[in-house]
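The values are calculated or read from the model by the stated rules, or taken from the named source; none is laboratory data. As the structure is a computational prediction, the values presented were derived from the model and not from experiment. Cβ placement follows ideal geometry from the backbone for every residue including glycine, while neighbour counts extend to all protein chains displayed. Note: accessible area is taken over every heavy atom of the protein model, side chains too, but ligands, DNA and RNA are not part of it. Shrake-Rupley method; radii C 1.70, N 1.55, O 1.52, S 1.80 Å.
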Amino acid sequence: QVQLVESGGGLVQPGGSLRLSCAASEFTFTYYTMAWYRQAPGKQRELVARITGGDFINYTDSVKGRFTISRDNAKNTVYLQMNSLKPEDTATYYCSATWGPANYWGQGTQVTVSS
C-alpha cells in the first residue's frame, strides 16, 4: 500500500510562492505517474500538473508559466513549485500516484492565497 504525505501548504499573499512536497512510501516510485490535483470549495477536483516516470509533464492551462512540477526519484518525492500565486489558486492540493490500475491519494494540504 502506497502512502503519500503532502506538506508545504499555507497562507500566502497574492504574487507569493509556495513549494509543495509529496513523499511516497514506495520503492518502485520511479514507475509511477505522479500528479497534483486541487479542489476548491464547491468545485470539482481538477488536475494541476502531472509528471510520468519518463518525465513527460503537462499542466492545466491556468497554471502554465507559474507552476513547476518535478520529481526526485532518489527521495521518492514529487514537488510543485508555485509562483505568482493568485487568489483563485486557493484550494486543497492533493498528491496522486498512478501505476497501471493502482491509484493512490494523499490527505491533501491547504493552500490559501489572500492579502
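Descriptive notes on the structure:
- The charge dipole of the stretch 1-83, taken about its Cα centre with unit charges on the Cβ of Lys, Arg, Asp and Glu (plus for the first two, minus for the last two), comes to roughly 200 debye.
- Candidate lysines for bridging to Lys75, where Cα separation is under 22 Å - those fewer than 8 sequence places away on the same chain excluded: none
- Computed over protein heavy atoms with a 1.4 Å probe, the accessible surface of the chain works out to 52 Å² per residue.
- For the chain, convex hull of alpha carbons as volume per residue, Å³: 95
- Computed from the C-beta positions of Gln13 and Gln44, the FRET efficiency with R₀ = 35 Å rounds to 0.85.
- With all pairs of different C-alpha atoms in the average, the Kirkwood value for the hydrodynamic radius of the stretch 6-48 is 12.9 Å.
- Counting DSSP beta bridges with both ends in the chain, the antiparallel % (nearest 5): 95
- Counting only heavy atoms of the protein chains and using a 1.4 Å probe, Arg19 has close to 130 Å² of accessible surface.
- Taking all protein chains as they are arranged and a probe of 1.4 Å, the heavy atoms of Glu88 leave approximately 120 Å² accessible to solvent.
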